[in-house]
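Asker: Just dropping this structure here.
The values are calculated or read from the model by the stated rules, or taken from the named source; none is laboratory data. Quantities reported herein were computed from a predicted structural model and do not represent experimental measurements. With ideal geometry, Cβ positions are generated from the backbone for all residues, glycine too; neighbour counts draw on all protein chains shown. Keep in mind that these areas ignore ligands, DNA and RNA; they rest on the heavy atoms of the full protein, side chains included. Shrake-Rupley method; radii C 1.70, N 1.55, O 1.52, S 1.80 Å.
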Amino acid sequence: MSLFERYLTLWVALCIIAGIALGHFMPGVPGSVAAAEVAKVNIPVAVLVWLMIIPMLVKIDFRALGGVASHWRGIGITLIANWAVKPFTMALLGWIFVGWLFRPLLPSDQIESYIAGLILLGAAPCTAMVFVWSNLSRGDAPFTLSQVALNDAVMVVAFAPIVALLLGLSAIVVPWDTLLLSVALYIVVPVIISQVLRSRLTARGLLERFCTAVQPLSIAALLATVVLLFAFQGNQIVAQPLVIALLAVPIIIQTYFIFGFAYLLNRMSGEIHCVAGPSALIGASNFFELAVATAISLFGMQSGAALATVVGVLIEVPVMLTLVAIVNRSQGWYENGTSVRQRSVTEHP
């Protein structure tokens, strides 16, 4: 991993500060960017999201799905955590904290919008950054590749229905046309472009060189997106620091809960440590690019939903780095427990 990637938290923090300052002191700049919309899709945000995720998606070989069976326990737990648990626990935590406990402390006209933003975060498990977390935790690379490929395939068909279901349960009107457009723009189209590009680069023997060359572009797009998103919300963040802190509470609880759920379930199932780490981290992390872009498309730049997803960006890197540290420091405990269980199964079939 490069020096730049190693200190990603620092660069993200500096971009957050720069974005807040830009939005607070020069509100006309993000205002002009916010106005560049077509069919409720912000063009600058869409371009940055594509520049961010397409280079990462090019690395994904969907033929890796053929290797899913070799670590079926880890893959199964990933699917359960990502799609059967995470969206619903995030919605539940949103209703408990934002809709009930913190309601007197939050703007009453934004409560439903905040909950919607949390739901969008919960329904979008990590796609790209899990490669970074897996690398930092010495995860099994083929497993990480196969689980990301499967996760992307599931996301194409599951994201919109789950979001619509949970928004409906929250009594929020679902604009299906905008939701489906967001799925097409931020999932389907990038996957198609990346796989066509991958096929052509592979045929010419240029895939590895291309991935190395565009990696800085992907990170630069990530940081530019962070600046832009925090610029959009600069005035609100400065004016409402308590709101930011309150929205962070259910997101942090959710992150640690999903990680613990998946990590312990992998251990109980007898999965090896280098698979359990990325299996747990992919659910704990969020595809915040998709969540933010969808929130902006559905509810607008200045909405509470957009602010809630931006709070997810704010805490993503530092919280995930603590989970990586937990994975690395618990390797001995994890492997000892797994070996004991496997020995017990062998002795008592």
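Asker: So how many residues does region 187-204 have that are at pLDDT below 85 and aliphatic (A, V, I, L, M)?
Answerer: Result for region 187-204: 4.
Asker: Of all the helices (runs of 4 or more DSSP H) wholly in region 210-291, which have at least 3 residues that are farther than 30 Å from residue 27 by Cβ? Full working, then the answer.
Answerer: Numbers: elements: 234-239, 241-269, 273-284.
Of the helices (runs of 4 or more DSSP H) lying wholly inside region 210-291, those with at least 3 residues that are farther than 30 Å from residue 27 by Cβ span 241-269, 273-284.
Asker: Next question, about the same structure. Please name all residue pairs, on different chains or six or more residues apart, with Cβ atoms under 6 Å, provided the first residue is in region 5-32 and is loosely packed, with under 14 Cβ neighbours inside 10 Å and the second residue is at pLDDT below 85.
Answerer: 9/317; 9/318
Asker: Does residue 134 qualify as being within 15 Å of residue 75 (Cβ to Cβ) and either in contact with a Lys or Arg (Cβ under 9 Å, 6 or more places away or on another chain) or touching a residue at least 24 places away in the same chain (Cβ under 8 Å) (or both)?
Answerer: On the way: within 15 Å of residue 75 (Cβ to Cβ): yes; either in contact with a Lys or Arg (Cβ under 9 Å, 6 or more places away or on another chain) or touching a residue at least 24 places away in the same chain (Cβ under 8 Å) (or both): yes.
So residue 134 fits the description; yes.
Asker: Sticking with this one: Hey, can you tell me all the residues within region 65-123 that are basic (Lys, Arg) and touching a residue at least 12 places away in the same chain (Cβ under 8 Å)? Steps first, answer last, please.
Answerer: Here is the first cut: in region 65-123, the ones basic (Lys, Arg) are 73, 86, 103.
73, 86 - these are the residues of region 65-123 that are basic (Lys, Arg) and touching a residue at least 12 places away in the same chain (Cβ under 8 Å).
Asker: Is there any pair linking a residue in region 300-314 that is assigned to a helix (DSSP H, G or I) and open to solvent by less than 10 Å² (accessible area, probe 1.4 Å) to one that is at pLDDT below 85 and hydroxyl-bearing (Ser, Thr, Tyr), with Cβ under 9 Å and at least six apart or on different chains, and which?
Answerer: 305/294; 309/294; 313/225
Asker: Go through (1) assigned to a helix (DSSP H, G or I); (2) more than 22 Å from the chain's Cα centre (by Cα); (3) modelled with pLDDT of 85 or more one by one and return the number of the condition residue 177 breaks.
Answerer: Failed condition: (3).
Asker: Examine region 243-259 for a residue that is under 13 Å from the mean Cα position of the chain (by Cα) and of a type in the set (Ser, Thr, Tyr), and state whether such a residue exists.
Answerer: Looking through region 243-259, at least one residue is under 13 Å from the mean Cα position of the chain (by Cα) and of a type in the set (Ser, Thr, Tyr).
Asker: A follow-up question, please. Does region 108-157 hold any residues that are under 12 Å from the mean Cα position of the chain (by Cα) and small (Gly, Ala, Ser), and which are they?
Answerer: 122, 123, 124, 128
Asker: Would you point out the residue of region 155-170, among those that are free of Cβ contacts under 8 Å to residues at least 60 places away in the same chain and not aliphatic (A, V, I, L, M), that is least open to solvent (accessible area, probe 1.4 Å)?
Answerer: Restricting attention to region 155-170, the residues satisfying the condition of being free of Cβ contacts under 8 Å to residues at least 60 places away in the same chain are 156-157, 160-161, 164-165, 167-168.
Now narrow it down to the ones that are not aliphatic (A, V, I, L, M): 161, 168.
On the way: 161: 67, 168: 45 Å².
Filtering first and then ranking leaves 168.
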